[in-house]
1. Write down the radius of gyration of the protein assembly as shown and its Dmax, each obtained from C-alpha positions, in Å.
2. What longest range of chain A stays clear of loop-exposed GluC sites (Glu not before Pro) (DSSP non-H/G/I/E/B, at most 15 other C-beta within 10 angstrom)?
3. For the stretch A:18-115, max minus min Cα coordinate along each principal axis, in Å, sorted largest first?
4. At A:THR107 and A:LEU38, where each label point lies 7 Å from the Cα along Cα→Cβ, what is the point-to-point distance in nanometres?
5. Residue by residue through A:237-248, how many Cβ atoms from other chains fall within 10 Å of the Cβ on average?
6. Long-range amide H contacts for B:SER210: which residues qualify at under 5 Å (H placed 1.01 Å from N, peptide plane, sequence gap of 5 or more or a different chain)?
7. Please compute the modelled spin-label separation between A:LEU185 and B:SER200, points set 7 Å along Cα→Cβ, answer in nm with one decimal.
8. Per residue, how big is the convex hull of the stretch A:33-353 when only Cα atoms are used? Give it in Å³.
Amino acid sequence: MAAIVATYGRIRDQLRDYQQLAGQFFSGPGIFLLFLGLGLWALIGRTDAFVIGVVTGSVLALGAIGLTLLYGVLKFAHFAHGDSMMLAAYLAFFALTGVVVGERTDTELLPWTLSDLPAATKPILGLSFGYGLLIAMAIAGVIMAVLFVVLDRLVYRPLRRRGSGIVIFAIASLGIAIAMRSLMLIFWSSFGRFYVPGIRPTTDLPFGIRILTDQIFIFWSALVLAPLIYLILFRTRLGKAMRAMADNPDLALVSGINTDRIVIWTWVIGGALVGIAGVMLALQAQLKPELGFVLLLPLFASTILGGIGSPQGAFVGAMVIGITEEVAVTLGFLSPGYKFSVAFVILILMLFLRPRGLFGAKT
Amino acid sequence: MTTVLEASELVSGYGEVEILHGVSLRLGEGEIVAIIGPNGAGKSTFMKAVFGLLKVKSGTVHLAGEDVTGAGPERIVRKGMGYVPQSENVFPSLTIQENLEMGAFIRRNGLHQRLNEVYELFPDLALRPQLRAGKLSGGQRQMLALARALMLDPKVLLLDEPTASLAPKMVEDIFTTVRNINQNGVAILIVEQNAKEALSICQRAYVLASGYNRLEGTGPELLASEEVGKLYLGA
């Protein structure tokens, strides 16, 4: 009897050691290997879904980089991020076409639009759109940056001065999100629109995969912008100050850093990113007011998955979410309408195994 | 001796709660002055009020003859006063070098020269400038915090309990460093729990109690004073 108890105890201890080892493995290199393995499997076994997933991931990445930046520096969940992206997409649409919804049909409100520039709508680089949309995107980015700074002055700064908690900030941004969506519905109604109607040019990739040329453009935008934001954060004076503020705003203040100005710059960069991300979202899907809010959940999942405050994390997180969503649909048991639920499953798994995210700092 | 920092009849606190009821203090050029007193005496509060982190209800703060009462910390930093908070005084996810760069954020030129000067004062930090500050030990962090505050070449340095919760060996090192900094011409105002040690390195000291000035004198005088001994040194 005593021998059995002793053996049992030994086995239990051994088991506990194994569990601990497994825990360390899965919270450390294991989770990276897991995602890498799943990614490779998807790349080989479900190449079509993988490629579309990368495009979905690119749109998410552009949004998530801005979100993670705002979350890191300002320390609150910017619930208006998805709707801001869609609003930016509509602003670009307006700058390009001047169209708003009229009493019966659409009416052109502006006497002059970007489309009136010479050859502005003539497709470039085999894409579906001309350089006019790129200018429209830049204008949308500038307007969003200004709007974010104004909203910070009117809404968030008073809350900061009052020392409000993060829940108050989140609810305030949710209010702004709803206001933005209502404005989009008023001006452009709820039906879907496109920057360029009609059939869009495609590109053949190796292994017999054909995707829209626009989608390659979306992927490249994410691939260029993610390292750019990384360089800003880690190589420039402003970026270092933003990271310092994310670490410890009180110490930033006593170091002589003008924290108000850093907050403004954070919103400006966030607004510019939202401008680009929004246009890419509309290119990938369409212009539709409620699309922004739907995107919010995978956006937050990407941000948390990658580790809050880390642009490279947001990029990788977005890719994981994007690819998994698309690949999961091909497995057959999940209706495409439920694909956003995949983001939650990954998120829960991540919070369970490694709460700080893939690239998040230890706390 | 010229006065670099003078606070007179300072009244301040947190929100509605008044902690300081009129504290006065003078720091001369090149001096080390200590503030000692029991818990809740208002030592740290006094530092924060002087540095513009708390609202000053009445009284004045003069830095090198200029009235800086109510000026925000970022303006006071520009006038040549540095401040090292008691805790959370480094940026953990930034590297040592980046921490120092943040200390010199408002400096427009001569950053590299100043970095080298500060690294000379803190050779340990110069060994691994790319190490994240979060990986440093308590004592090393305190050194980095001191170094960060020196990046702007301040005339006056406010130190809030730099030796709190450090090992005795480290306490020794910190005091040696403080003395070195002082010998380079920086006037230092130091709040210390470690009263005996503080009194032995300072020229003069103030004893605060319940938000008022209680005593004032040179280090040796206060060390010998029976009242200080009874009240704060546990002798």
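1. Over the protein assembly as shown's Cα set, Rg and Dmax evaluate to 29.7, 94 Å.
2. Maximal segment without exposed cleavage sites: A:104-289.
3. Taking max minus min along each principal axis of the Cα atoms, the stretch A:18-115 gives 71, 39, 24 Å.
4. 5.1
5. The mean count of partner-chain Cβ atoms within 10 Å per residue comes to 5.
6. Counting only residues 5 or more places away or on other chains, the set is B:ALA41.
7. If labels sit at B:SER200 and A:LEU185, their model points lie 7.4 nm apart.
8. So the per-residue Cα hull volume is 153 Å³.
Values in this text are rule-based calculations from the coordinates and carry no lab data. Keep in mind that this is a model prediction, so the values were computed, not measured. Counting neighbours? That spans all protein chains shown, and the Cβs are built from the backbone with ideal geometry, glycine included.
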